[in-house]
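Once you've had a glance at the structure underneath, I'll fire off some questions.
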Amino acid sequence: MKTVKSKFKFKGGVHPDYNKELARDGAIERLPLPKELAVSMSQHLGAPARCLVKAGDFVRRGQVIGEKAGFISVCVRSPADGKVKAVEKRVGAAGAMADAVLIDTTASLPEDAPPPPVLAPMDWSSATREELLGRIEEAGICGMGGAGFPTAVKLNPPPGKRCEYLVLNGAECEPYLTADYRVMLERAPRIRLGVEIMRKVLGLPAVRIAIEANKPEAIAAMEAAFADIEGNVEIVVLPVLYPQGSEKHQIYATVGRVVPEPPALPIDVGCVVENVGTVAAIADAVELGEPLLERVTTVSGDAVATPKNVLAPSGTRYADLLEFCGGATERPAKVISGGTMMGFAVSSLDIGTTKTTSGLLFLSRRRVFQYSSQACINCGRCLRACPMNLNPAEISKAMEVDDVKTAEDAHVMDCIECGACSFGCPAYRAITQFCRKAKNSIRARIAAERAAAAAAKASDGAAKKEAK
Ligand code: SF4
Ligand code: SF4
């Protein structure tokens, strides 16, 4: 194992104020179990889980309350014992509605309540690849870095594809967030074990552990944890540059490979990228039989009394996290779920956390810039900032008049929604939002075309059957 500096620097990127000192030095603190949890069935990328419980049901910690509802989906387990108060549609951090199970954790269970389900601890070294993948799936693990891609799917490349490099994402380049940093400091041996398990599942690929240079303590913790590991393992120290934590940019920075346009995936260039928190969750699921029921979330910002890294069960209401951190020092001008670059502004503290809630930020009026969008002055700053070589100015001008075709021709589907273009725009244009709008329109059109094609095929088949 050795530590090396990244040899590959991507084009573009920006340097926002990182503000990580607010929560960086606080050890992870466990939140006392909240009285109520709002557990969403949509905590991951892909089809929301199918809810299996109803109001009045008693649930046990670890019980499956939402079953996997498709190939790209994961199950949801109850983070605590309790009684289901209601199952209702609730808005998530990104604005989409999904079923949420409201659990009263103070309810007494009936005497004949079944025992909590148990996943037996496994010996990973003697378990087969299929058994390990099965455990990762039944533990409900998805990527905890933000995207929420089902981990068992990612670790099972399709026929003909092989993972040559397993890249561990410890960059955490988003401002304010320090959850991954604390996990690297405090859970390094779990990360090491998770890597051993993933290597076995993926057929012993080389390993690259990617960490930005502004986290020397995390680099040292990983060096100590991996010191005696065998095989091709390197810690790659990345320059401090946003969005260094993007999957595509991390692959380029660590192994110099370029992931082609969508629908190409990292596995198409022989890579699998996993967030460090996800890797630790894999170790817990396999060795301890502990499903993914909780995660570390950074609660920070200049309007929080005591910024912290909080270990909380999924479904914890944002209000409970704020209270645990001493409340707000003043009325926040903005509350953001995630980081300031890619996160979502939220208007309610009644939203429950999910497996991907990396941060919750409370920002005062001094930190939130009030602006009104103006006409593009063609300065070219967004083109220089874009790490995907796009022309964000062209896309934003097109979407101002709902010209989705021009945005599509300008490769908007390549946009990773990093916000680097909006960050430096002197005209304060909402470029990233225009990109999101274009991508959503294109996805909706493709889905409608597929549905129409499937319906036409079905009716064609029915007509042929009738003719026979
Ligand atoms: S256009 Fe997309 S990828 Fe490029 S800087 Fe803007 S948000 Fe990032
Ligand atoms: S940074 Fe803003 S003003 Fe400058 S070219 Fe891009 S959209 Fe136009």
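Restricting to the range 138-166, what's the tally of residues that are charged (D, E, K, R) and part of a helix (DSSP H, G or I)?
Looking only at that region, the number is 2.
Follow-up question, since we're still on this one. Does Arg366 satisfy being in a loop (DSSP other than H, G, I, E, B), more than 11 Å from ligand 1 (Cβ to nearest atom) and of a type in the set (D, E, K, R)?
Answer is yes for this residue.
Would you check which residues across the range 372-384 are touching a helix residue (DSSP H, G or I) at 6+ places or on another chain (Cβ under 6 Å) and either part of a loop (DSSP other than H, G, I, E, B) or more than 8 Å from ligand 1 (Cβ to nearest atom) (or both) and list them?
Cys376, Arg381
With surrounded by 14 or more Cβ atoms within 10 Å (Cβ to Cβ) and either more than 10 Å from ligand 2 (Cβ to nearest atom) or among the β-branched types (Val, Ile, Thr) (or both) as the only criterion, which of Ala451, Ala438 stands out?
The conditions single out Ala438.
Something else about it: Quick one: Lys11 ticks every box in (1) within 30 Å of Pro216 (Cα to Cα); (2) at pLDDT 95 or above; (3) out of contact with any Ser or Thr (no Cβ under 7 Å at 6 or more places or on another chain); (4) basic (Lys, Arg) except a single one, so which number is it?
(2)
OK, next. Scan Ala398, Ala393 and give me the residue that is surrounded by 22 or more Cβ atoms within 10 Å (Cβ to Cβ), at negative phi and either of a type in the set (Val, Ile, Thr) or within 15 Å of ligand 1 (Cβ to nearest atom) (or both).
Unique residue meeting the criteria: Ala393.
Also, I was wondering about something else. Give the number of residues within the range 407-431 that are more than 11 Å from ligand 2 (Cβ to nearest atom) and within 19 Å of Glu261 (Cβ to Cβ).
So the count comes out to 12.
Restricting attention to the range 414-449, report how many residues are in contact (Cβ under 8 Å) with a residue 60 or more places away in the chain and either part of a helix (DSSP H, G or I) or outside the structural domain of Glu394 (by TED's automatic domain parsing) (or both).
4
Let me ask something additional. Report, by residue number, each residue of the range 273-302 that is part of a loop (DSSP other than H, G, I, E, B) and crowded, with 24+ Cβ neighbours inside 10 Å.
Across the range 273-302, the qualifying residues are Pro291, Leu292, Gly301.
Further question: Quick check, is Ser396 modelled with pLDDT of 95 or more, part of a helix (DSSP H, G or I) and within 16 Å of ligand 2 (Cβ to nearest atom)?
For Ser396, the condition - modelled with pLDDT of 95 or more, part of a helix (DSSP H, G or I) and within 16 Å of ligand 2 (Cβ to nearest atom) - is met.
Based on this model, can you work out whether Pro387 counts as within 16 Å of ligand 1 (Cβ to nearest atom), in contact with a Gly (Cβ under 6 Å, 6 or more places away or on another chain) and in a loop (DSSP other than H, G, I, E, B)?
So Pro387 fits the description; yes.
The values are calculated or read from the model by the stated rules, or taken from the named source; none is laboratory data. If you're wondering where the values come from, they're calculated on a predicted model, not measured in any experiment. Neighbour counts run over all protein chains shown; Cβ positions are idealised from the backbone, glycine included.
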